[in-house]
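The values are calculated or read from the model by the stated rules, or taken from the named source; none is laboratory data. Note that the structure is predicted; figures quoted are calculated from it, not measured. Cβ sites come from the backbone with ideal geometry, for glycine too, and all protein chains shown count toward neighbours.
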Amino acid sequence: MRAGPAGYVFGRLRHDLAGQSPLQWEQLKGTLEKTLKIYIRPALLLLDELGYLPIDRRGANLLFQVVAARDESGAIVLSTNRPLGDWGQTFDVDNTLATAMIDRLMHHGEPILIQGDSYRMKDKGNE
């Protein structure tokens, strides 16, 4: 976590090499409630590349806690290359959790589908 302009807080929920998210480590240490507040407090939370790496059941449940706690209190911008119908696979084949997460994200949200070539690959043909 780091502070940004005008009091914004930036953070990442990245997995380490063992496949653990910071939330999972904090749960093991017994400091999960304190860490959850860090992700719930900002006006805007960015979740980038959701589904790029698989999320085990425990990690999915913790991410759901963040999304559910932010429902009605803060905005979430989420990027993913996975169709919503595949989220059950993303969350350790838990279709119930995936459906509940999508429900909360879409309650006041709107999907924006971006089609076309990847921005990161735009100069690939010029090399």
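Regarding residue 106, is this residue of a type in the set (A, V, I, L, M, F, W, C) and without any contact (Cβ under 8 Å) to a residue 24 or more places away in the chain? Taking the combined requirement at face value, the residue satisfies it. Looking at 58, 82, which is the one that is among the charged types (D, E, K, R), without any contact (Cβ under 8 Å) to a residue 60 or more places away in the chain, under 30 Å from residue 116 (Cβ atoms) and touching a helix residue (DSSP H, G or I) at 6+ places or on another chain (Cβ under 8 Å)? It is 82.
Each residue in the range 1-54 was checked for being in a loop (DSSP other than H, G, I, E, B), modelled with pLDDT of 85 or more and over 17 Å from residue 77 (Cα atoms), and 2 of them qualify. Within the range 37-68, if we keep just the residues that are aliphatic (A, V, I, L, M) and over 13 Å from the mean Cα position of the chain (by Cα), the residue that is surrounded by the fewest Cβ atoms within 10 Å (Cβ to Cβ) turns out to be 43. Across the range 75-87, not a single residue is classified as modelled with pLDDT under 85 and closer than 27 Å to residue 110 by Cα.
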